[in-house]
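Report on one structure; see the data block that follows.
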Amino acid sequence: QVQLVESGGGLVQAGGSLRLSCATFVSIFSFNGMAWYRQAPGKQRELVAVITSGGSTNYAGSVKGRFTISRDNANYTMYLQMNSLQPEDTAVYYCNAFRFGMNFWGKGTLVTVSS
């Protein structure tokens, strides 16, 4: 069973930064890719950023240029560096890993950005 554990969420003022981590406990290369999603209150879960096993990355338009997804397989960890945070970035952020049609999810970490 794949276990994903997020950390790094918290309260930050607008314009600030946070780095989220997702611990996988297995080789990141055992997945076809990994991603960060977020769900704001009253809204659907949305894709924030994705990184494939080959290292290609893609971002939602709303975060492009502000967020950076990365991975460190030596530490079995994926990251999301979030800069220039805005109140609209407030959400629960979820770690996702996928392989061969199967999706795995963490329980989420809350990010709150105050204005």
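The values are calculated or read from the model by the stated rules, or taken from the named source; none is laboratory data. Since this is a predicted model, take the numbers as computed values, not measurements. Methodologically, a virtual Cβ is constructed for each residue, glycine included, from the backbone with ideal geometry; neighbour enumeration extends over all protein chains shown. We work out accessible area using only protein heavy atoms, side chains counted, and drop any ligands, DNA or RNA first. Shrake-Rupley method; radii C 1.70, N 1.55, O 1.52, S 1.80 Å.
Listed values, structure above:
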| item | result |
| --- | --- |
| Residue list for segment 1-20, filter: out of contact with any Leu (no Cβ under 8 Å at 6 or more places or on another chain) and within 11 Å of Met78 (Cα to Cα) | Leu4, Val5 |
| Residues (in a loop (DSSP other than H, G, I, E, B) and open to solvent by 20 Å² or more (accessible area, probe 1.4 Å)) located in segment 1-15 | Gln1, Val2, Gln3, Gly8, Gly9, Ala14, Gly15 |
| Counted residues, segment 42-52 - those being out of contact with any Gly (no Cβ under 7 Å at 6 or more places or on another chain) and open to solvent by less than 30 Å² (accessible area, probe 1.4 Å) | 2 |
| Residue in segment 17-27 that is of a type in the set (Phe, Trp, Tyr), more than 24 Å from Ser84 (Cα to Cα) and open to solvent by less than 30 Å² (accessible area, probe 1.4 Å) present | no |
| Filter result (within 20 Å of Lys107 (Cβ to Cβ), in a loop (DSSP other than H, G, I, E, B) and open to solvent by less than 40 Å² (accessible area, probe 1.4 Å)) within segment 63-95 | Thr90 |
| Search result, residues across segment 96-113 that are under 19 Å from Ser17 (Cβ atoms), open to solvent by 40 Å² or more (accessible area, probe 1.4 Å) and touching a Leu at 6+ places or on another chain (Cβ under 8 Å) | Thr112 |
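Conditions (1) open to solvent by less than 30 Å² (accessible area, probe 1.4 Å); (2) in contact (Cβ under 8 Å) with a residue 24 or more places away in the chain; (3) more than 17 Å from Arg99 (Cα to Cα); (4) of a type in the set (Gly, Ala, Ser), marked per residue:
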| residue | (1), (2), (3), (4) |
| --- | --- |
| Ser30 | no, yes, no, yes |
| Gly33 | yes, yes, no, yes |
| Trp36 | yes, yes, no, no |
| Ala40 | yes, yes, yes, yes |
| Gly54 | no, no, no, yes |
| Gly61 | no, no, yes, yes |
